[in-house]
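Since the structure comes first, as structure tokens, the remarks are kept for the end.
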Amino acid sequence: MSAADAYRRAARGWTTGVALLTARSGEEVYAKTISSLCTLSLDPLLVSVAVDHRSPMVTAVRGSGRYAVSVLAHDQEPLARRFASAGAGRALGSFGAAPMGPRTTGAPVLEACLAWFDCWLDDVVSSGDHALLVGRVAAADRSPGEPLLYYAGHYRSLAHHPTSTSVSTPRGVRA
């Protein structure tokens, strides 16, 4: 087994939450599924996310100076899957299947998410093949509900089973 394969295998043993990173640059809206959210500091209020340095998201965030992170609820797996796909995270205007609205900074925040952080870009740290986007939190909030989790290569809920068995209509997705 290669070192990279061993790394991936070990990383699959780490359970993470799932969030949607969003940014607006001009008229274009960008969205990307992430699992790298870190609440970094209370003074000042900072969060960080890691994104592949080749992603158009990095250019959009640098250009606009702001981004938002929307923490996904357990029933929002279809949104996580949609924006995890290569090329799915860029569109003109709003994403019809994922209603979003601006908060304090103007960055798009997903409606009906579990929690959100609206951020001004504070710093970009290059590390390996990723860019760490550090955001100064301008506003944040939380709604009741259960989180969407990612473990061992599958989306899951707190009930310890893959969420793909769920038949409920996901929040924030229009039929």
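For the condition modelled with pLDDT under 90 and touching a Phe, Trp or Tyr at 6+ places or on another chain (Cβ under 7 Å), what is the one hit in GLY96, GLY89, GLY65, GLY135?
GLY89
Please go through the range 44-62 and give me each residue that is modelled with pLDDT of 95 or more, outside any helix (DSSP H, G or I) and more than 24 Å from THR15 (Cβ to Cβ), ordered by number.
PRO44, LEU45
Among the residues of the range 15-33, which ones are surrounded by fewer than 16 Cβ atoms within 10 Å (Cβ to Cβ) and either without any contact (Cβ under 8 Å) to a residue 40 or more places away in the chain or assigned to a helix (DSSP H, G or I) (or both)?
The first filter runs over the range 15-33 and keeps only residues surrounded by fewer than 16 Cβ atoms within 10 Å (Cβ to Cβ), leaving 15-16, 26-28.
GLY26, the sole residue that qualifies.
Mind checking which residues of the range 97-120 are outside any loop (DSSP other than H, G, I, E, B), surrounded by 13 or more Cβ atoms within 10 Å (Cβ to Cβ) and out of contact with any helix residue (DSSP H, G or I) (no Cβ under 6 Å at 6 or more places or on another chain)? Let's see the steps before the verdict.
From the range 97-120, those outside any loop (DSSP other than H, G, I, E, B) are 98, 100-102, 108-110, 115-120; that's our starting set.
Then keep just the ones that are surrounded by 13 or more Cβ atoms within 10 Å (Cβ to Cβ); that gives 98, 100, 102, 108-110, 115-120.
Answer for the range 97-120, where residues must be outside any loop (DSSP other than H, G, I, E, B), surrounded by 13 or more Cβ atoms within 10 Å (Cβ to Cβ) and out of contact with any helix residue (DSSP H, G or I) (no Cβ under 6 Å at 6 or more places or on another chain): MET100, PRO102, PRO108, VAL109, LEU110, ALA115, TRP116, PHE117, ASP118, CYS119, TRP120.
Tell me the residue from SER36, SER2, SER41 that is over 17 Å from VAL137 (Cβ atoms), hydroxyl-bearing (Ser, Thr, Tyr), surrounded by fewer than 18 Cβ atoms within 10 Å (Cβ to Cβ) and at pLDDT 90 or above, please. Write out each step before concluding.
Values: SER36 fails: over 17 Å from VAL137 (Cβ atoms); SER41 fails: over 17 Å from VAL137 (Cβ atoms).
After applying the criteria, what remains is SER2.
Being farther than 30 Å from ALA98 by Cβ and either touching a residue at least 40 places away in the same chain (Cβ under 8 Å) or assigned to a helix (DSSP H, G or I) (or both) is the filter here; which residues of the range 1-12 pass it? Before the answer, list the steps.
Taking the range 1-12 first, the residues farther than 30 Å from ALA98 by Cβ are 1-7, 9-10.
Hits for the range 1-12 are ALA3, ALA4, ASP5, ALA6, TYR7, ARG9, ALA10.
The values are calculated or read from the model by the stated rules, or taken from the named source; none is laboratory data. Please read these numbers as outputs of a predicted model, since none were measured by experiment. Here Cβ is always computed from backbone atoms with ideal geometry, including for glycine, and neighbour counts include all displayed protein chains.
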